[in-house]
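Enquirer: Dropping a structure here in structure tokens format, bear with me for questions.
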Amino acid sequence: MNENHCEDRDRLEKLVDRLWEWVLHEDSLFIARGNFFLVAEAMLFTAFAAVVVDPSVKPLLVFVFGIVGAVCSAVWIYLSWAQVNLTMKPLRTRLKELFPDYTEVISRRRRFPALDWVLGILFPLFLLIVWLVLLLAKLLSAV
């Protein structure tokens with residue numbers, strides 16, 4: 001019986017290790033994707049600002065940069081939502097079930113908004129709103 005208990009414990013430890021590595025991988029992927037979109041958004045804002053102040057640039061180019069920026073923000077929101085809700089939440093739920101220390105640490109963060117939500121949903125939503133306001137302002141000034 002003691003041997004079975006050791007085998008079960010080893011199996012549980014391997015499972016927890018595998019889940020932990022997967023969560024770390026997903027967190028790294030989330031941050032890398034966020035960095036990519038942040039750089040892309042910064043470059044698009046810079047290009048938009050450069051073309052919007054140049055009177056020789058056709059308005060269509062301004063709208064193209066604005067629309068690409070808005071789409072980029074929307075894609076960022078969708079990918080973040082999908083990764084958090086379809087991959088990370090189930091992994092973390094399983095890890096909480098198997099690893100009490102993880103549950104204890106995570107429970108302390110409940111009074112604050114989840115960082116995944118702030119960085120992956122709220123911030124790109126703010127950028128999407130900025131893009132839409134800029135496009136609307138340009139459209140109204142063109143009329």
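Enquirer: What percent do you get for the relative contact order of the stretch 9-143 when only Cα pairs under 8 Å and 6+ apart count?
Expert: Answer for the stretch 9-143 is 34 percent.
Enquirer: Also: Taking Lys14 as the anchor, which lysines have their alpha carbon closer than 19 Å to its alpha carbon, excluding any fewer than eight residues away along the same chain?
Expert: Within the straight-line cut-off, Lys14 pairs with Lys96.
Enquirer: Over every pair of different alpha-carbon atoms in the stretch 93-143, take the mean of 1/r and invert it; report that Kirkwood radius in Å.
Expert: When all Cα pairs of the stretch 93-143 are included, the Kirkwood radius is 14.0 Å.
Enquirer: While we're here: With runs of 4+ DSSP H residues as the only contributors, calculate the mean residue ellipticity of the chain at 222 nm using -39,500 (n - 2.57) per run, divided by the residue total and rounded to the nearest 500.
Expert: Helix-only estimate at 222 nm: -27500 deg cm²/dmol.
Enquirer: Within the stretch 1-31, list the GluC sites (Glu not before Pro) lying in a DSSP loop whose Cβ has at most 12 other Cβ atoms in a 10 Å radius.
Expert: Within the stretch 1-31, no GluC sites (Glu not before Pro) qualify (loop, at most 12 other Cβ atoms within 10 Å).
Values in this text are rule-based calculations from the coordinates and carry no lab data. Owing to the predicted nature of the structure, the values given are computational and were not obtained by experimental measurement. Glycine gets a Cβ as well: all are built from the backbone with ideal geometry, and neighbour counts include every protein chain shown.
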